Every structure is written in C-alpha cells, then in structure tokens.
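Read through the structure below, which is laid out as structure tokens, and then see the notes.
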Amino acid sequence: MPLTRFTLEALTEAMMIQVTRRELLKGAAALGAAATAPGALTPARAQTTQKRELVVAQGGDISKFDPHFSTSSNDIRVSFNLFDNLVSRHPDGKLHPGLATEWKLHGQTQWTFKVRPGVKWHNGDPFTAADAKWSLERTWDPKVGTRVSTVFTTIDRIEAPDPATLVVHTKKPDPLLPARLAFYGGQIVPQKYVEKAGNDEFNAKPIGTGPVRFVSWTKDDRLVLEANPDYWGGRIDVDRIVLRSIPETAPRIASLLKGEVDVITQLPPDQEERVMGNASTKVEGALYAGLYVLAVNGKRPPLDNPLVKQALSLAIDRQAIVKELWRGRGIVPNGPIAKGDNHFDAKLGPLVYNPGEARERLRKGGYRGEEIVIETTVGYTANDKPMSEAIQGMWRDVGINAKVEVLEYSVRAQKNRDKSFKGLWWSDPTSTLGDPDGMMWRLLSPGGPQDYWRHPRFDELGEAARFSVDEKFRAEAYREMTKIFLEHFPWVPVIQPYEDYGLQKYVEWTPNPNQQFEVRRFNLKLRRA
Amino acid sequence: MRGVFRFLAPRLLRALIAVWLVSTVVFVVMRLSGDPVPLLLPPDAPRSEIFRVRRELGLDRPLPAQYGVFLANALRGDFGRSIHFREPAFAVVRGYLGATVELGLTAFLLAAIVAVPVGLLSAVKRNSPIDHVAMGMALVGQSAPTFFLGILGILLLALKADLFPTGGRGDWTHLALPALTLGAFAMASIARVTRSAVLEVLRADYIRTARAKGVAEWLVVVKHTLKNAALPIVTITGLQFGTLLGGAVVTETVFAWPGIGRLAIQSIYNRDYPVVQCAVFLSAIVFIMINFAIDLLYGVLDPRARR
Amino acid sequence: MTERAPSTSLRPPTEFPDLAAPATISGARARRTARLATAGFAFVLVLGAVAVAAPWLAPHDPTRQALRGRLTAPTLEAADGRARLLGTDHLGRDVLSRVIYGARVSLVVGVAAVVVGGALGAALGIAAGFRGGFTDSVIMTLADAQLAFPFILLAIGIIAVLGPSFPTLIVVIALSGWVNYARILRSQVLVLRSREFVDAIHALGGSALRVIARHILPNVLSSLVVVATLELARAIVLEATLSFLGLGIQPPTPSWGGMIHEGREYLDSAWWISTFPGLVLMLTSIVVSRTGDWLRDLLDPTLRGE
C-alpha cells in the first residue's frame, strides 16, 4: 500500500487560513488606525523589495542547534531548516518527500524508504542512507542521551542495505511512522561529521543538508543563516536569513512597522489592527493544529464528578473569549479533536455556553463550594493568564469557588512530571502527527503525561485505534471516545486559536500549523520590482 | 603602608567570607527552587528518561556532595556547564558581559557627566529656578521606581515620539533609553551629593577669604570646591557604579537588553544552576571590589578613617 | 536602584556620610520642615484611609470583568453608561477601582515588611553594637554579603522556592531591608555605649537587656522612625518591582506593580492601564521618601553625617 495515500486522504481539509483583503480593510476601518503607524511606506513601494535578506523576529532565543537536544518551538524554527527529515510536512498539512523520495509498507511492519540521491551536507560530504540510519539510532542511543529518545519507540530495527535504501522494521503495525519521521527527532544529522567533531562541536557549528547553512550566533541577539546554494529543493529566495530574539510584544511589532524586520512570530490578536492598518504590512495566520484546553486533575474532588466538570464547561462563554479576548482569531472547539486533524467530526456543534444549565448540574452533582484552582502560567500559551482570569469570573458567576494561581514554567514542568496539579491547568495539546492518536491518546492514555482520569471503554477504544490500520474502525472508535470525553471532560477545551505572524507585504510565505517555519523555495518568496 | 595593610586585612577577609556566603546562598536557593530536567525533555518523556538526564547532569547526587564539587570547581574558576545551552557556564556569562558593561558604563558616564556640573551649578546658583528644577528632577530620579521610569521612557520617547527603539541592542539609539533609565538614580544621587558638598565648601572660611580678595567667583568654585569636595563625590560615584550592575537586572528586563541581568533572570526560570551561580558570583565580586577600592581610597586619602 | 538594599539617602554616618542634607537647620526652616513632614505623614494616612475605605471609594468592583467593554479609554460615559475615569484594562476591569484597591497591597506589604525588617535589623544592629567583637564581625559580614547580592535575583530565587504570596513577599522585602537598620543602629549604639552612664549602669549590675530597653532603645527610637519611613518607600517600590516582574500577589487581587505589568503589552494601544498605577506609585514613593528626609532633618541630625 503506498504510504502517502494514507495521510493524504485523511488530511484533505486545508488548514491554512489567510487573512483576506476584505478582513484587512475591515480591521483598518474599524479602528481608523491606518497611516498612524510610524515609518509607513507608500503602498505601491511597499509591495516589492530589493532585499536579499530576510529578517525574522521571534519571541524567544534559540538554545541549542543539535536538533536531537531540543523540542522547543524557537529551536524547531531553525532546526527544520538547517536539517532535512526523511519525510516533510508542508504548510498544507500533508506529508511530502524529504530526504526520502518515496516509501512503501511491506506487510504490516516493514517500511522501505528510497533515499534521495546526490544530496550533500553543508561541508560537502555526500549524504547516504547510512547517515539516516545512524541519525535515527542516535536519538535513542543512551550514550548520546538525546532529548528525543522516546519519539521512535515503535521502531524495532533499521537497515541500510545500500546507500540509496533504508529499511525500517516496527515492533507493531505503526500507521503513523512517516508522520513521526516528519517531526522532531526525525531531523537527519551527519554521521561522519558528528563522530569526528563530537556532540558539543556539532551543537556549536551545526552541519545539515537543509536549505540554509549556519553562519553565526550571538545569544539573545541574532542568528545568521545563509542560503545553501546546492540545496536539492532549489536555492531559497534570499541570500541570508537573520533570526532576532525580541521577547516583548510591543518592540517586536514596532520593529515590523518600522521595517527593521520582515517577519514577526507570535503576533497577539490585540495587536493585529496595527499591523493590518499599516500600509506596508500584513497578517498571516494558521489555525493551530491542536487545542488550548484546561486539563483537569480528575482525581481530586470535586473534579472526579462528571456533573461538576460538565458545569465547568457549560459555564465558559467561549464565544466571548474568542470574539473579545482573541478578536475573533480562533474557533470554538467541539470536542477533543482539533479541526484539520484526522477524524475531526464536522457535524458536531461547538461546545455550548449555558450558565443556567451549569448551575443545575452543580446542584445535581452536589457541589458545595469546594475551591477549584486554575494553575496558569504567563505566556506558556498565548493569552493563558487573561483567559484564566476571564474563566474565573465566568465560573464565579454560576457559583463556582474558582481561584487562579500563577506558576512559573519550570514549576509547571515539574508538576507535569509529578502529576501534582491542584485542579486545572493550561495545556496546548497538539497532534504532531495530524491524528487524534498523537494528541488525545498520547496525552490521556494510561501512563501518559496527563493520566488523571480512567474510563475502561475509553481506554479500550484508544488502544485499539492506535494499532489499527482500518480507518473506518478508527473513525468509529474516535467518535465514541469523543462522546465519553464530552461526558467526563478530562480536558475542558477552550479554543482552537490561529497562530498569527506579521509580515511585510512583499514577503510571500505561508505559516505551518505545527510551528515549523518553512523557508524552502516552495514556501518563501520576496516580491521584487 | 603598614597602617593601610592593617586597615585592609580584616576588610579583605570579610569580603572573602561575604563572597563565600553569597555563593552558598545562591547554591542552596537554586537547588531548592526545583528541577531543571522536566524543562529539557518533551512532556511525555517517561520517568526513566528524567532519572537518566538527572544522572548525566550530576543532579542525582546528595546535596552536600554537589556543593563540594561546586565549591572545589568554583575555586578553580570552573562554574560547570550550562544546562540550557550545553556550554561552559562561564563562557555563556562572558558572552553577555559585553552588553552589560556597555550599558553600565554608558549609564555611569552619562550620570557623572551630567550630574557633577548640574550639582555644581545648583550649588552656585542656590535657590535659583535652575537649582529648584534640577533638585526637583533629582528627587524624582532618586525616588521613582526604575522599571516605571523605563516604561514611561518607552511610552513617551519610543512609542509616542518615535525617537528611540523600544528595546534590544544595536547602535547608540538603542543604548540611549536604557542608559538613561539605569543612570537616573545614580545621576540624581551624584547631583545631590555634589551640590551639598560644594555648598559645604562654599561656606568655608577660605572661600570667603578668596572672595574678599576679589578672585573671580567661578575660579573660586572650580579651584577650591572641586579640590575639597572631590572625596565625597568620588565616593558616591564609585558606590553608584557598584549598584548600577545590580540595577541592570530590571533595566535589562524592561528593555530586552541582552546582558547578564536578563541572562540571570532567564537562567533562574530555566533552573540553569551553573549560569546563575556564575553570574551572581561575578556580580558579587565586582561589587565587593568596588567597595574595597572605595575603602582603600578612604584609607589612603583620609588617614583618620584608618582608625 | 531598587534591587540593592541601600538607598543613598540612607548611608550610615560612619561610612558614607549623606551630604545631601544641609548642615544646620535653623528655627524658621525647622518649622517649615516640620510642616512638610506633617504633610507627608498626612499623605500616608490618606493613602491608608483610601486602602481601608476602598470598598466605599471604588466606583466598581475591581475584579469584575466585562470582556465586551475591555480596553475602554478613560471616559465619563462608557458603554454601560457609567464613568470609567481611568479606563478599563484588558479584561474590562475598572482601572480607577483597581488603583484604589492596589493601595492595600502596597501598604500591607510595605508596612509589614518594614515592621519585620525593622525588628530583625534593629535587633541585629543593637546586638552588634552592644556586644561588639565576634558578634559584631559576624553580623557585619552578613550585612556585607547581603549588600553584595544582586537582591532582585535572590528575591526571585526565594519566591521560586516558596511560591508567590503575601507572607513570602513580606519576608523577601524585609530580608532586603534589615541591613539598613542594623548598620545605623549599630553605629548609634557604639556611640551610646562609649558614654559613661551605660558603663556605669553595667558596672552596677544592670542586665544587658535592661540597659538596652531602658537606655539604648529610647535613644535610638528617633533614628528607627526615620529609617523606617525611608524603608517604607523602598519596600513599596520593591513590592511593585517584584509584581512587575510577575512575582507578586496572585490575580485577581490588584497591585500597582502587577497592573503596570499587565498593561505593558498594551502600552501602545491602551496606555492608561500601566500609566495611572505607575504615576500613583511614583507619587507615593517620592512623598514617602521625602517625608523620611524631612523627618531626618528634624529628629535626628546625627543621621545627616557631619
């Protein structure tokens, strides 16, 4: 069975949403904000550029270049461009050939990848299937101790019979193997160079096969990358890419409006009018390939009571949160599966707001004013603290004794590890694989990172769907799991937001729903006069 | 010289003990604050992974053993490897040092260059409008919260007037606002001290004598007062330089200035123990050295202080 | 420099004479200074009254949100027909009401930190001065170490360990302040001790505690009041700084520093969220610390340095 078909069929719905010209005008008119921005260029000139350099400002700095030692989104933006994966997930949400030109499943567990010929590492060494084998095995090599050692636990063994062929044997049927290879851990690193230079030197001076080469890095300031002239996918459209770290929102936006940078990441919805109102800049967004949810510790009373959890969900006015706090840049979820993922049920209506019914269920559930705590971070997900406070207000309105506590990231990470959250906390479950298995089941399964609630039927279905290659069966299983989910709410889903970027109008670029920053030739072009 | 040594020796000992205390406190507080490992791994990493990485970083050993290793290495100038960056901690801190020194020196020079003449002028033109305005501003500079001065600067001078960038490091325009913010307190203090020191001297008899003899006023001021008021001015100036480095923490955060202060805060949040330890250690050493230098200056310039 | 413990208006006389104050203070000036100091105290009292009476003074519930009326500019008639004199924040809460309630956090944390830090610092300072020798060395070395520590980092670390709460903030801020009391009281005690009457009482068999309570405390009380006033200004600013860094009181309790923090992202579009609490904070800090200066001129000339 040709492998690509599998995901292609499932991911028919394009997730990319571009802000239309009409929306832009509406935004600008609503505020009357046009032309107040500093450094606004005249529209005609602003549409094109002579620049050969792309400057990108992101909200945090890079920490490591060795792709097997970080899973943070700031690092991923770089590592997916310095390196290639065997399989590549494009902004259209589909899987495309990367360093592998094609792949096939033989029987249930044997995958054969044809490796792209003639590819060279940035230092001129040739890339072969042996590199791919070595690189994947490196992820779980205890002597290396990577941070992605659990990504490929389904793999039994890998063979590279000749320089152009890679054979991967999985322990059980794994329909999602190509999707796994497309995400973190799957970046292919050079065997010869890493063995010679050592892991530290490789981290300091990374060498990949990707469309850009490493030039220099000044911490917390700027990272300079240059185009790889021999890239197999074609030389990218600029000579250099500079990544700057501008953690505060206001300066990040100001630098875009002043024309100092070409692209900014993490554009908050509240600031979009300024970018749209400016004649030379625009907004591009991608519907996040996941959800923002309040995860629930279902072991702590009264959160072990389904009626109370239903009331929590019913008391949240998600429309108001989306419309006011997010200025419309998001959608109200209908369950645990993100729109755009496999088995998203388009016929299911969005989660309902009904404060009266919420009061009723609290009464029926015997809720007696026990304290319910939201543990929020500040900026772990966009708007997390404001949403916490807004939801706290909504819950209080129906008589829930809600409290907000602010946590640091590292405390959150530790509580996540110890499973010691007091009540609810923000989580941004995403399916790195475009499938409920990689999202709901990865997190909520027994022993998973958010294992706070068990339901025999839910568990049975989740396990069966994981190892099934029968999509009809899987669809039915996820439908039933959604039903159970909506009775027990192991998560209280709040919003599926857009992740927005600010760009100069001359930059033609499409964001990727899973936070990759794709600069390859097919996705990035500067409009030149 | 013997006198100077006897004056200095106990101070040196106290300074060394203080540095040791500071390092110990930062070691203990950081270890109590939590585990860096969950931040390094994907959220679904199993427990065995966490234990493996803890072992790799030496965090599985008992605290006293870790402390022993830390002290022994610190004495040799080795602060261990950054958990976040996978590089020697000292190299990481060194990379941020330039930005902080640039900001601190600029703020300090700005403060000194503006404040000393203003203080002088205020004293000479005592109770004039110039004096009132200058001292009023000094008052604000001395009492206003640093971070809010920075915010006001960003709001008025960067966002509304569009004169400066709102943050980050680059050319002199990037430097102006943070340096002014950081230097405001020092500037105010130095101006006030200069003014009173000069006033003090102006009241002295020999100045009156000089005036009576008909020597031009400005000459009197410059010659006598600066000579006699130099010590307190130098003292306050040096002290202000010492505190500037600490003040950089807030200023760097407000202006996203890539210096040691911001690195230290980020490293606390990342639980990057070695970097925090190294940054605090260096900062304490600098502060103590400056105080020491002032003591020395006093000891040499003013023999009475040696007693 | 809110992060270092010493503020220059507060140098102990023996080490760093504060020359900012005039050398002498004549009768007319003394009366004027007294009036000013009274006015300063009145300001603090008014602030305290505002904090206590916040529920009656605030036009709105400070935690009541109105998402549909968020980021409203200061207006006499908002969408609901009521005045929002200082506008609303990113959750539609009334900024004026939050500023009024914010005085509570500032004063409670500030005063408590001054009391705790003052008690600790006074005890250590008196002990150092009275006992001298080894005790003195130990305490002064501790003080040195404290001053050498970039305090804000220590505060962040401690809050990371204990979690942000009223008691944690009070302890952290008190810890940052004890050195100032200790140094000043120590030097005063040293002066007092050298006077004959203390030695005489001691020789006659008076216990140390008795000597301290009867003869030393009354003599250093005025210095203590001056230092405490100056410290109050510093404590309020430090609390705001920590809240600004996101380490303060938990939401939705309003605090000035926290409001400045929340408004920072909206500085360009909704300047009122940060600016008003910031101005009130600045005014408070200036008036309180100036009151300390005036008090010092009045009560305790020795603190001015020679």
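Taken together, the values in this text are just the output of simple stated rules run on the coordinates, not laboratory data. Keep in mind that this is a model prediction, so the values were computed, not measured. As a convention, Cβ positions derive from the backbone with ideal geometry for all residues, glycine included, and neighbour counts pool all protein chains shown.
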Lysines whose Cα lies under 30 Å from that of A:LYS364, excluding same-chain neighbours fewer than 8 positions away: A:LYS299, A:LYS309, A:LYS347, A:LYS403, A:LYS419, A:LYS422, A:LYS483
Sequence of A:HIS488, B:HIS84 once ranked by neighbouring C-beta atoms within 10 Å, starting from the fewest: A:HIS488, B:HIS84
Peptide B:161-171, shielding by other chains (average Cβ, 10 Å cutoff): 5
Whole-Hz couplings from phi, Karplus 6.51/-1.76/1.60, listed for region A:323-338; x for Gly and Pro: 6, 8, 5, 9, 6, x, 8, x, 10, 7, x, 10, x, x, 9, 6
Sorted peptide list for A:189-202, C:50-63, criterion being average Cβ within 10 angstrom, highest first: A:189-202, C:50-63
Average beta carbon contacts from partner chains per residue of A:243-251, 10 Å cutoff: 6
Sparsely packed trypsin sites (Lys or Arg not before Pro) within region B:27-93, loop by DSSP, other Cβ within 10 Å at most 11: B:ARG76
Euclidean distance of C-alpha centroids, region B:86-108 and region C:73-136, integer Å: 33
Peptide-level mean, for A:402-413, of C-beta atoms on other protein chains within 10 Å: 6
Three-way shape label, region A:424-529, alpha-carbon gyration tensor, a/c 1.5: prolate
Cα gyration tensor shape for region B:97-306, rounded if a/c is under 1.5, else prolate or oblate: oblate
Selection from A:VAL404, A:PHE522, A:ASN305 lying farthest towards where the dipole of chain A points positive, charges on Cβ: A:PHE522
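Order B:289-297, C:107-115 from most to least packed using the mean count of other Cβ atoms within 10 Å. The partial results should precede the final answer.
Details: B:289-297: 16.4, C:107-115: 21.4.
Top to bottom by mean Cβ count within 10 Å: C:107-115, B:289-297.
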For chain A: rounded, prolate or oblate by the Cα gyration tensor [a/c cutoff 1.5]: oblate
Gaussian network model of chain B, Cα within-10 Å springs - most flexible of B:PRO36, B:PRO274, B:PRO129: B:PRO129
Chain A - percent relative contact order, Cα under 8 Å, separation 6 or more: 22
Relative frequency of Cα-Cα separations exceeding 21 Å in region A:192-296, percent: 57
Chain B: relative contact order as a whole-number percent, Cα under 8 Å and 6+ apart: 28
Derived scalar couplings ³J(HN,Hα) [region A:236-242; Karplus, 6.51 cos²θ - 1.76 cosθ + 1.60; whole Hz; x for Gly, Pro]: 5, 6, 10, 7, 9, 10, 10
Ratio of the Cα radius of gyration of region A:369-418 to 2.2 N^0.38 Å, where N counts its residues: 1.20
Cβ-based net charge around A:TRP111, under 9 Å, with every Lys or Arg adding one and every Asp or Glu removing one: 0
Three semi-axes of the equivalent ellipsoid, region B:19-75, Cα gyration tensor, whole Å, largest first: 25, 12, 8
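How high is the relative contact order of region C:52-299, given as a whole-number percent (alpha carbon pairs under 8 Å, six or more residues apart)?
With pairs under 8 Å counted, the relative contact order is 22 percent.
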Distance histogram for region B:28-135 (every C-alpha pair counted, 10 angstrom bins, percent rounded to whole numbers): 11, 25, 20, 13, 12, 12, 6, 1
Long-range tail of P(r) for region C:70-165 (Cα pairs > 17 Å, %): 71
Alpha-carbon Rg/Rh ratio, for the protein assembly as shown, with Rh computed the Kirkwood way: 1.00
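When the Cα atoms of region C:52-299 are enclosed in a convex hull and the volume is divided per residue, what value in Å³ results?
139
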At R0 = 51 Å, FRET efficiency that the Cβ-Cβ distance of A:GLU508 and C:ALA79 yields, to 0.05: 0.80
Karplus-derived 3J(HN,Hα), 6.51/-1.76/1.60, for each residue of region C:98-103, Hz, glycine and proline x: 5, 5, 5, 5, x, 4
Region B:148-181 and region B:126-144: distance between their alpha carbon centers, rounded to Å: 23
